[in-house]
Amino acid sequence: MPHSAFTRSDHRPWPYPNRAWSWRQSWRDLLFLHWPVPAAALRPLVPPELEIQEFDGTSWVGVVPFRMAGVMRRPLPDLPWVSAFPELNVRLYVKKAGEEAESKPGVWFLSLDATNLLAVWAARRFFHLPYYRAQITVEDAGDQIRYDSVRRKSDARFRARYGPTGPVYAARAGALDHWLTERYCLYALDPRGRLLRNEVHHVPWPLQPAQAEIEENAMLQTYGIQLEGPPLCHFARRIDVVVWDAEEA
């Protein structure tokens, strides 16, 4: 039976790979928090092979708390204490520098925090991503989510209460919320310095307007980035995802 991610494909900006996908996962109770940050401030944090993208003259930083579920390599079954755990991402929006016609807009992760030691090891080993072990608690608080993350041996902390404030909607192509969320690859550097790309696929994001009460956000201090003003907030209850193994970008 095909994975539920493949119930839609007409929304993709390019065809998905003509080879078998390798990993599956489900993202739950996810909050997109976005702040505008000048691209010049982010340029030192991204390898020269990538171009930092801008929307209406500014680049954006995303802080994304959520829960992972159903995480496993195909065709293995889900495993208790392995396939489900909270995660917190800090991400930028990039594309490969060079020919515009070959561009695949994607995500560059500054950090990914997770509670699961095996997941941290596997993501560093197979995806070459900057995962860190953290103590994270996620609690349902009525119609809201209470999220608290503290990275081990670090000052990187995040604490917030958040939830949706309106119905599910589909982001319109060309709008900022679509530009921020509808991305179907991620980039990373392997230990030899090669730029790699992992393709992903899922149905269009089931976004909802959201509000967040942020009590603490120290996820970008180590990079010298100051986030100013209230963030742009979007919520998604669930989206199921498949991921392909990395290839050289």
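The values are calculated or read from the model by the stated rules, or taken from the named source; none is laboratory data. Quick caveat, the model's predicted, so the values are computed rather than measured. As a convention, Cβ positions derive from the backbone with ideal geometry for all residues, glycine included, and neighbour counts pool all protein chains shown.
If a residue has to be among the aromatic types (Phe, Trp, Tyr) and over 14 Å from the mean Cα position of the chain (by Cα) to count, how many in region 36-92 make the cut? Within region 36-92, residues that are among the aromatic types (Phe, Trp, Tyr) and over 14 Å from the mean Cα position of the chain (by Cα) number 3. Within region 197-231, the set of residues being in contact with a His (Cβ under 9 Å, 6 or more places away or on another chain), assigned to a strand (DSSP E or B) and surrounded by 17 or more Cβ atoms within 10 Å (Cβ to Cβ) comprises 201, 207, 208, 210. Residues of region 150-160 that are more than 19 Å from the chain's Cα centre (by Cα) and surrounded by 14 or more Cβ atoms within 10 Å (Cβ to Cβ): 154 alone. Of all the residues in region 1-36, those that are assigned to a loop (DSSP other than H, G, I, E, B) and surrounded by fewer than 19 Cβ atoms within 10 Å (Cβ to Cβ) number 17. Checked against the criterion of being surrounded by fewer than 16 Cβ atoms within 10 Å (Cβ to Cβ), at pLDDT below 95 and out of contact with any Cys (no Cβ under 7 Å at 6 or more places or on another chain), region 108-120 has at least one qualifying residue. Does residue 43 qualify as being in contact (Cβ under 8 Å) with a residue 24 or more places away in the chain and of a type in the set (D, E, K, R)? Taking the combined requirement at face value, the residue does not satisfy it.
Annotation note: of 101, 123, the sole residue that is surrounded by 20 or more Cβ atoms within 10 Å (Cβ to Cβ), modelled with pLDDT under 95 and farther than 21 Å from residue 216 by Cα is 123.
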